[in-house]
Amino acid sequence: MTATSTLEATPLVPSPTYEHSIQAHQIPYVIEQLGVHGKDDSWIVFIFDTSINSPLTDDPWLNLQYSVIHGVVGLDWVLLGQRNIADQEKITRFMKRHQHKVAKQCENEVFYLRVEDGDVSSLGTSIVQDFYRVAPDTQVRLLVQGLEIPDWIPKLVDSDGEESLQDQLLNALREVSGLDSLAFDQDGDVGIRFSSAIVYARLIDDPSFVRIYSPILRGVDECPRLYERLNELNIDLRLIRFVYRNGTVFGVADIPSTPFISIHVTDAFVRLCSVADAYGGQLQEEFGGHTESREWLTSSVRH
């Protein structure tokens, strides 16, 4: 059983002309490029996650948009993603405290908060690094339309030679684990052993996402206290949820795979590795059963 969100919005990202990866400290430079070279209908979107929890949603992903309207570069807080919607009042107060005028506007039936006065570049940087505590060297996804980006900014997706989702997932896991021998097994899973745990990743269709999961504790009897404990963990943890099925406690994280964003997938995978290893022993002491350290699967590779 999991904690449910009070919001029903789903993330919506416009189709980009280019998709790149930058570090958070490079955000002002990209905004400067939009001001110098952008034109009406040019826009850039920075997509990042935060470690700060929200009481309204467990979605950690946010988007910060800049666009050119009537020749003016403005900051747009678009009210589409769950976290953007949940934080709109806090962000409005934050921007007003920084002496900016915030206007709520609507285009194509999509509402957004827009700021055009003052130093909108510094405001956006402050939102990312100060309000959401994103470190300067953190990777941030960048979507761009109507603007040429310098060659030193690495491109994530090339429309002329896009890898298959299977290849992208496998390459991402190989890179984060350092295991070039990783491969899909006959069930369509990629498995990595991490200390006392084993964590799998697989592609799911309709809708398309990457499911990352770990059988944290096997041979557990169902009881009300077990569900209470899993609910407590689901309230405290971000991105990962605990579920019980057929005598096994699983840790699960689902990450959208279209578009495929490597850093989102690998971040979730690493987090689940740590969570599975940390909580397997704790839950075993409380409810019995056994962790994966007792029965390693031959299809997986030790990390």
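The values are calculated or read from the model by the stated rules, or taken from the named source; none is laboratory data. For clarity, every value in this text was computed on a predicted model and none was experimentally measured. Backbone-built Cβ (ideal geometry, glycine too); neighbour counts: all protein chains shown. Only protein heavy atoms, including side chains, enter the accessible area calculation; ligands, DNA and RNA are left aside. Shrake-Rupley method; radii C 1.70, N 1.55, O 1.52, S 1.80 Å.
Things worth noting here:
- The string of couplings for segment 35-41 from the Karplus curve (6.51, -1.76, 1.60, θ = phi - 60°) is x, 7, 10, x, 9, 3, 6 Hz, one whole number per residue in order, with x for Gly and Pro.
- Around the amide H of His100, modelled in the peptide plane, lies no amide H under 5 Å away from a residue 5 or more places distant or on another chain.
- With a simple spin-label model that places each label point 7 Å from the Cα along the Cα-to-Cβ direction, the separation between Phe131 and His25 comes to 2.3 nm.
- Per-residue packing, averaged as other Cβ atoms within 10 Å, sorts the ranges 210-216, 55-61 into the order 210-216, 55-61, beginning with the highest.
- The amide H of Gln23, built 1.01 Å from its N in the peptide plane, has Val140 as neighbours under 5 Å, considering only residues 5 or more places off or on other chains.
- When nucleic acids and ligands are ignored and a 1.4 Å probe is applied, Thr266 ends up with an accessible area of around 20 Å².
- Amide N proximity, segment 55-98 versus Glu148 label position 7 Å along Cα-to-Cβ, cut-off under 20 Å: 68
- Counted residue by residue at 0.36 nm each, then reduced by the alpha carbon distance between them, the extension gain from Val110 to Leu56 reaches 17.4 nm.
- Applying both filters, DSSP loop and at most 10 other Cβ atoms within 10 Å, to the chymotrypsin sites (Phe, Trp or Tyr not before Pro) of segment 88-143 eliminates every site.
- Stretchable slack from Val243 to Glu286, in nm (0.36 nm times residue separation minus alpha-carbon distance): 13.9 nm
- Taken about its Cα centre, segment 41-124 carries a charge dipole of about 360 debye when Lys and Arg each add +1 at the Cβ and Asp and Glu each add -1 at the Cβ.
- The heavy atoms of Ser196 present about 30 square angstrom of accessible area, all protein chains included, probe 1.4 Å.
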